[in-house]
Structures are given as structure tokens and as C-alpha cells.
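J.: Structure in C-alpha cells, see below.
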Amino acid sequence: MEKRPLNPEERNELCAILFPNVTITPEELEEKFPPRSLPEGAVVSRMAPSPTGFVHLGNLVQGLTSERMSHQSGGVLFLRVEDTDAKREVAGAIDVLIETLSHYGIQFDEGASIGGEVGNYGPYYQRLRKEIYHVYAKKLFLEGLAYPCFCSEEELAAIHEQQEAEKANFGYFGKWAKWRDASLADIQSALAENKPFVLRFRSTGSLENKIHFTDLIKGDLEITENDIDHVLLKSDGIPTYHFAHAVDDHLMRTTHVVRGDEWLSTLPFHLQLFRALGFRTPKYLHIGPLMKMDGTSKRKLSKRKDPELALTFYKAEGFPVEAVYEYILTILNSNFEDWRRANPDTPASEFRFSYKKMNPAGSLFDKMKLLDVSKNVIAKMTAEKVLELVLEWTAEFDPELCGFLSADREKALAILSIGRGGAKPRKDIAVWSEMREYLGFFYDDLFVEKDPMPENLSKEDIKEILTQYLPLYSPKDDGTVWFEKLTQLAVSLGFAAKPKEYKQNPQAYKGHIGDVSMVLRVAVTGKTASPDLCSCMQILGKETVCRRIQNTIAKLNG
Ligand code: GLU
């Protein structure tokens, strides 16, 4: 018997068995979720994560793009939870996502929220929308645009094998699609046997046809039509991503779908679906992947290989939220850095984000650049702000340091104020995890003799410098007097007062002023790099400074 699609009467007959519980109509849903009344040009966008518990940089990139586009245009940003795959679900994942994103300034106006959901276009959890999907599944079936398929896993595997043997394209389509034009009798008997079935899309696309499509990030694309009869509803009645995407983004009145470009390959199917359902297609923005340099080649950031993909990484390392936010803007919008240079003190949220400035191929993630951005962000903070954030971070990740800093706030603020403010603030710190190394020496319990004395000086010269410096030192000296005293000492011991003088005539000197101050720095701070030494010594106080110098002398004698 020649195969043919079911006719309308046959479909009507089957409909009662396939969708016995669907009583609502698409028209009723249209009425229940009317177009939003928003100003012209307002963007309605969303995040649609699966609750897997892993919040990554890609979420932030996608979230920030959607958030900026919605909020800059006076539109709406909502959160829809794509929880159709119960196996991948992690308890509490949505709360973690909401909290993490809100930490980065991404606030949802509507949708899933902690403890429930808000808004008139819900439910926002896909698992609660089963009934809605079935309304549209029924519609497609009645219109001859979908059909039940009773193939078992084994049968599908056999089709795949046969396609391999014949060097044919893979997939359930055309002549391979066994149930596409199955007779009413065959379907009825499979139903009578209680065989599990999925609902498939009845594609009329052809690989011969090309579609012209404009993606707002990728630009003009020529894509091949879809000829596969993809699954719409799984055998448990739960929709696939594709079907749910079309139904949800239509009913929730999404105007712009911002998502990863891994979805580009199924876009032809999505466009078909929107048309079949009679929905207007939203605008699409497919974001390229985050890449990183691996040797001389670029590759995608990977969950397995790159800890920096997880947002928890930034928290644990102690990157301030502003720094990560600012860095993401840097890699997303090519003009952000110029804007920042022109507006050094304006909050990043005032930058006019534009999808037109996004790189279609994806952004390059560079940790060195992030550290650099972070140094600039921290350098501009007040000492109070730095202390607040450092206390917050150390409370979780370095309780010992937290204890010292909070025991004497005045001292901590004095330390953090060194080199801060003014036109050229110091840029020593990129992450809070560097704080222990940076300021530990201010606390005797954390002081470590980390770096050696300059190698170009003899033990005798070092002892001489330290011994003669002791009686000269007064904590009351300001920077100028402090430096004058040190210079006089240097000159009296045969060192050049300026590095330049030394360079011009190295034979005439033991070294220069820099060597002398380095000896003092290593003795007092244990390190060759520290903030302004005179200020450090004032905060440390005479007793500690002298004791450390004396200890160093004693060690050199020993
Ligand atoms: N649940 C999908 C994902 O996490 C959502 C993609 C989309 O935004 O449409 O990749």
C-alpha cells in the first residue's frame, strides 16, 4: 500500500487518544499571555539555564548581554528554568544562580526567583508547563505537522547502522522515518499495545534549500534547511529544548533570544517550528564561545581543563565583583576600554552596551588582562572599601588574616591607605588572595623573611648600613626627612646618592641609594617589594622597626 500522511479525519480520530487531556486552545493561551505593553524598541530577553548547579563565565556573558539589552531599552529580563531533564538537576541550583548573578549586578524583573516565581507569563519552570506544550503539540498534530513515532532504541540504532553502511546522512528523516506516513491502523495497533512513543515534527525542509537569516551578532547567514523529523515531545510527554524554546519564548513574549552559538546548528529547525506554530520569530543573538590561548593556538574554555570557567573561581581567588564585571565588558564590547579611558570614574553600568560591538567569533579570555583590569579597579577604591571587601573575603578564605585586620581597624585602614588616592594610585593588588603577602609583614605573627639581601653587597656593608641607620631613625620624620637621612647615610658609607651617578662611574661607589634602601626594606618588611617604606615604618612603629633591624644584624653576625 502506498504510504501517505494521515488525512484530517484520521488525525481527528487519533487526537482523542493522543491528547485526551488537552482542553485549552492556543487562542485561549494567546489571550492569557497577551503581547506586553512596553515602549517601542523595548527588549524582552531572558536567561534560560538548566539547573545543573554549575554557574560559569558563559552564563555571565550571556546574562550580562541580555540584561544590558533589556534594561538599557526599558524592557524586561526574566529567568526561565529549563528543568526538563530531571537527571541533571541539582538541588538549590537556581538559588545559587540567582544569587551569583545578582552579585554581578544582574537582577531579573520576572520569572523564577528565590522561593517561587514572579510575573504574569509563567509558570517559569518548564516542568510546570507540560499542559501548555501539549496544547501546541495537539495543534501541530491536527494540522499534519507532527506525528507519533513508536521506534524503540534498538530500531533507531539499526537505522543508524544502515545509514552508516549506505553512507547516507544520519537522522530520522525521509525514507528512514518509519512512522512518518504510518497508517491509521498501524498507529492504532501500536497504541493498543501500549508501545511508548514520541511526538515528532513532520519536516518538509530539504537540504537543497538555503535560508537567508540575520543574526544580530553573527550577521547575515546562509543556512541549510532542516530535513530531520526532530522529537518534540519525549515518551514521558516532556518537551525537547527545541519545542519548549518556541512555545515558551512565544508565550513569554521574548523579543530577543541571546544564547550560545552551539544552538546555531538547530536554528533551521527552530525557524521551521516558529513558522509551523504560527509564531513570529524573535531576534536571535548567538554568542561565540569564550576562547583562551593554549600555546600558540586558541581553544574554547573547557569545564574540565580550565578552573577559571567556574564563577566560584573568581570568588575564591578574591577578584572584586566590579573587576570581573568590568573585564567582561572589556571582552564583550570592543569600545569599552576607550570609554573607560575617557570616563575613568564613571560606574561601568553607565556604559552604553551594544551587541554590534560583540565579536561574532567569540571573545578571548585572558587572565593576565583580567588581573590588570582588577588592579586598576582596586587602585581606585577607597581604603574603607578595600577593607570592607578584604574582610569579607578573608572571613571566608583566610580567617587568620581576617582576625588581625579586624582586631585593629585603624591600623588596617592606615596600611591600606598607603599610596591610595591622588592622580597615580599604586596598583599592587589584583586579588584579595594577594593581601597576606602584601601586608602580612605589618603583623609580627605573619612576618616572614621571604627575600634575600641584595647580592651585590657584602655582609659587612649590610651590617654597617643597618647598624648606622638605627640611631638615625625617628618615626616622626616625614618622607622627605626620612629620605634625606638615608641618602646622607648612603653617601657617608660610599654609595652614590643617585642611581644615575652610580651608572656613570660604578668604580667610584659600593652601590647607590637604591641598594641602601633595599637593605632597610628587606630587614623591616622581609621583602624586596613593599609599599612606601617610610609609611610602612611609621605604621610598624619604632619598637618593631628597631627590633627587626637588630634581629637582622644579629643573624648576620651569627
Ligand atoms: N537551557 C539552554 C542552555 O542552557 C538555554 C539556551 C537558550 O537560552 O535558549 O543552553
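The values are calculated or read from the model by the stated rules, or taken from the named source; none is laboratory data. As the structure is a prediction and not an experimental result, all values here were calculated from the model. Using ideal geometry, Cβ is built from the backbone for each residue, glycine included, and neighbour counts are taken over all protein chains shown. Just the protein is used for accessible areas: all its heavy atoms, side chains included, with ligands, DNA and RNA removed. Shrake-Rupley method; radii C 1.70, N 1.55, O 1.52, S 1.80 Å.
J.: Taking the range 196-295, which GluC sites (Glu not before Pro) meet the DSSP loop condition and have no more than 12 other C-beta atoms within 10 Å? Mind showing how you got there, number by number?
T.: Working: sites: Glu208, Glu222, Glu225, Glu262; in loops: Glu208, Glu225.
Answer in residue order: Glu208.
J.: Express in nm, to one decimal, how much length is gained between Gln488 and Ala423 on full extension, taking 0.36 nm for each residue of separation and deducting their alpha carbon distance.
T.: Details: separation 65, 0.36 × 65 = 23.40 nm, distance 3.01 nm.
Going from the current span to full extension adds 20.4 nm.
J.: For the range 1-35, list residues with backbone N below 18 Å from a point placed 7 Å from the Cα of Asp181 toward its Cβ?
T.: In the range 1-35, the label zone of Asp181 (backbone N under 18 Å from the point 7 Å along Cα→Cβ) covers 1-11.
J.: Turning to a different aspect of this structure: Efficiency by 1/(1 + (r/R0)^6): what FRET value for Leu207 and Asp85, r their Cβ-Cβ distance, R0 = 35 Å, to the nearest 0.05? Display every interim value, and only then the final one.
T.: Working: r = 29 Å, r/R0 = 0.84.
In this case the efficiency is close to 0.75.
J.: When a/c is below 1.5 the answer is rounded, else prolate if a/b is larger than b/c, else oblate, so apply that to the range 355-483 with a ≥ b ≥ c taken from the square roots of the Cα gyration tensor eigenvalues.
T.: It comes out prolate by the Cα gyration axes.
J.: Is the range 298-342 best put as rounded, prolate or oblate by its Cα gyration tensor, with a ≥ b ≥ c the root eigenvalues, rounded for a/c under 1.5, and otherwise prolate when a/b is larger than b/c, oblate when not? Let's see the in-between values first.
T.: Details: a/c = 4.14, a/b = 1.53, b/c = 2.71.
Because a/c hits 1.5 or more and a/b fails to exceed b/c, the range 298-342 counts as oblate.
J.: A further question follows. Roughly how tilted is helix 513-525, in degrees to the nearest 10 and between 0 and 90, from the longest Cα axis of the chain?
T.: Tilt of helix 513-525: around 70 degrees.
J.: Rounded to a whole number, what % of the accessible area of the chain do carbon and sulfur atoms account for, probe 1.4 Å? Mind showing how you got there, number by number?
T.: Details: 14060 of 27280 Å².
Ligands and nucleic acids excluded, carbon and sulfur reach 52 percent.
J.: Right, another one. Sort 476-486, 318-328, 60-70 for me by packing, meaning the mean count of neighbouring Cβ atoms within 10 Å per residue, highest on top. Write out the running numbers ahead of the final one.
T.: On the way: 476-486: 14.0, 318-328: 22.0, 60-70: 23.6.
Listed from highest to lowest mean packing, they are 60-70, 318-328, 476-486.
J.: Using only Cα atoms, find the angle between the long axis of helix 153-165 and the longest principal axis of the chain, and express it within 0 to 90 degrees, rounded to the nearest 10.
T.: The two axes meet at around 80 degrees.
J.: OK, next. Need the list of lysines near Lys459 for cross-linking: C-alpha distance under 23 angstrom, and skip anything on the same chain fewer than eight residues off.
T.: Result set, ordered by chain and number: Lys450, Lys485, Lys498, Lys503, Lys510, Lys527, Lys555.
J.: Would you mind checking the tilt of helix 367-379 against the longest principal axis of the Cα atoms of the chain, expressed as 0 to 90 degrees and rounded to 10?
T.: 60 degrees
J.: Compute the Cα gyration tensor for the chain, then decide on rounded, prolate or oblate, letting a ≥ b ≥ c be the square roots of its eigenvalues: rounded whenever a/c is under 1.5, prolate when a/b is larger than b/c in the other cases, and oblate in all that remain. Present the calculation step by step, with values, prior to reporting the outcome.
T.: Numbers: a/c = 3.25, a/b = 2.95, b/c = 1.10.
Because a/c hits 1.5 or more and a/b exceeds b/c, the chain counts as prolate.
J.: Report the trypsin sites (Lys or Arg not before Pro) located in the range 296-359 that are in a DSSP loop and have at most 14 other Cβ atoms inside 10 Å of their Cβ, or state none.
T.: Counting only loop positions with at most 14 other Cβ atoms within 10 Å, the trypsin sites (Lys or Arg not before Pro) in the range 296-359 are Lys303, Arg304, Lys305, Arg352.
J.: Given a Förster distance of 22 angstrom, what is the FRET efficiency for Lys369 paired with Ser102, based on the Cβ-Cβ distance and rounded to 0.05?
T.: Details: r = 25 Å, r/R0 = 1.15.
With a Förster radius of 22 Å, E is 0.30.
J.: Would you mind pulling out the separation of the Cα centroids of the range 397-444 and the range 365-393, in Å?
T.: The two parts, judged by their Cα centres, are 12 Å apart.
J.: May I ask you to derive the relative contact order of the chain, considering only C-alpha pairs under 8 Å and at least 6 residues apart, and to give it as an integer percent?
T.: Values: 774 pairs, mean separation 60.3, N = 558.
That works out to 11 percent.
J.: Expected output is a single nm value to one decimal: the length gained when fully extending between Lys195 and Glu13, i.e. 0.36 nm times separation in residues minus the C-alpha distance. What is it? Mind showing how you got there, number by number?
T.: Working: separation 182, 0.36 × 182 = 65.52 nm, distance 1.83 nm.
Residue separation times 0.36 nm, minus the Cα-Cα distance, leaves 63.7 nm.
J.: Also: Please give me, ordered by residue number, the chymotrypsin sites (Phe, Trp or Tyr not before Pro) of the range 156-215 that lie in loop per DSSP and have at most 16 other Cβ atoms within 10 Å.
T.: On the way: sites: Phe170, Tyr172, Phe173, Trp176, Trp179, Phe197, Phe201, Phe213; in loops: Phe170, Tyr172, Phe173, Trp179, Phe197.
Those that pass, being in a loop and sparsely packed, are Phe170.
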